Amino acid sequence: MNHGRSRTDFAAVELDPPAVVSGSSARPPSTRDACPTKESSSLGAGLWGSRLGCRGGGSIGLDAPCRPADNPFASHRVEDIAYRYNGSGPANFCLQLQQLGGRAAIVGPKGSGKTTLLGELAAHLTGEPVLVRIKASSRRPWRSARNQLPNPVRPNHVILIDGAEQLGSFGWYLLLQATRHAGNLLATLHRPGLLPTLIECRTEPGLLRSLVEELVPADTSILGPELDDLFERHGGDIRLCFRELYDVYAGRRSFEF
């Protein structure tokens, strides 16, 4: 570790909530409402071990795609994955944040786990957390950030800025002025420079394989040969990899086996 900076190799990611399929909850379950089992699959038990168990359509021909709640790559399942620390844990990073004056950034490309780590570190910091999310689609990012900040910002506040790279130079200046009295300021950024770097997040194919194994251990041997290509196709963005896998299990698309 040099100059208070840490590099972490492993990170979990958040997935945007999938669309919810409407329908009455009182309707009796059927093969279209839940993932098929080895016993109910039209493939038969003999072929079950060589195919994805919770997928419809595509080259397999099942007519029972996963409903959103059962999809192993649904947001509520992905969010349960903890950040993969490499070496130092959250307590040590919180200590480093104080050594940096309570102002620092979590730096990394899209889909590398910055948002997940931001939330985990917030739980270990002393003070009242205030999460400010700045969406890439925001036409006025500074106004969006300002509307989410408490008024006034006090020393007991821990300001967490997710998507700070959306702010321009003037917006960033206004944000720093508005949060100057906060006890801590921690932001996620794609590139270093605006704040001292607390942690650099990055991904690798081994991380994707590890996360997929945690989510669908029974299908890892089937998906495994495709994961390196999936990782490369999405430029290392684990979030996008999970979105494609969600679609695979929902029957919207298929892998070639």
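The values are calculated or read from the model by the stated rules, or taken from the named source; none is laboratory data. None of the values given here were measured: they were computed from a predicted structure. Virtual Cβ from ideal backbone geometry, glycine too; neighbours counted across all protein chains shown.
Of note:
Okay, residues lined up against (1) in contact with a Phe, Trp or Tyr (Cβ under 7 Å, 6 or more places away or on another chain); (2) over 21 Å from Lys114 (Cα atoms); (3) surrounded by 20 or more Cβ atoms within 10 Å (Cβ to Cβ):
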residue	(1), (2), (3)
Ile161	no, no, yes
Thr188	no, no, yes
Gly206	no, no, no
Glu214	no, no, no
Cys241	yes, no, yes
Asp247	no, yes, no
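- Residue count, segment 91-119 (criterion: buried (at least 17 other Cβ atoms within 10 Å of the Cβ) and not in a loop (DSSP other than H, G, I, E, B)): 14
- Positions within segment 135-162 being farther than 17 Å from Arg103 by Cβ and within 19 Å of the chain's Cα centre (by Cα), in sequence order: Lys135, Ala136, Ser137
- Failed item, numbered, when Glu226 is tested on (1) surrounded by 19 or more Cβ atoms within 10 Å (Cβ to Cβ); (2) more than 19 Å from the chain's Cα centre (by Cα); (3) farther than 27 Å from Val107 by Cβ: (1)
- If you check Asn184, Asn151 for being surrounded by fewer than 15 Cβ atoms within 10 Å (Cβ to Cβ) and at negative phi, only one passes: Asn151.
- Residues considered: Gly127, Gly168. Of these, the only one that is modelled with pLDDT under 95, over 30 Å from Glu232 (Cβ atoms) and in contact with a Gly (Cβ under 8 Å, 6 or more places away or on another chain) is Gly127.
- One residue from Arg146, Arg154 being in contact with a helix residue (DSSP H, G or I) (Cβ under 7 Å, 6 or more places away or on another chain) and either among the charged types (D, E, K, R) or within 30 Å of Glu213 (Cα to Cα) (or both): Arg146
- Enumeration of residues in segment 79-90 that are in a loop (DSSP other than H, G, I, E, B) and either of a type outside the set (A, V, I, L, M, F, W, C) or modelled with pLDDT of 90 or more (or both): Glu79, Asp80, Tyr83, Arg84, Tyr85, Asn86, Gly87, Ser88, Gly89
- Every condition in (1) at pLDDT 95 or above; (2) in a helix (DSSP H, G or I); (3) out of contact with any helix residue (DSSP H, G or I) (no Cβ under 6 Å at 6 or more places or on another chain) is met by Leu174 except one, and the failing one is (3).
- Per-region count, segment 130-155, residues among the hydrophobic types (A, V, I, L, M, F, W, C) and part of a strand (DSSP E or B): 3
- Selection of segment 204-234 for residues being out of contact with any Cys (no Cβ under 6 Å at 6 or more places or on another chain), closer than 19 Å to Asn71 by Cβ and not in a helix (DSSP H, G or I) yields only Val216.
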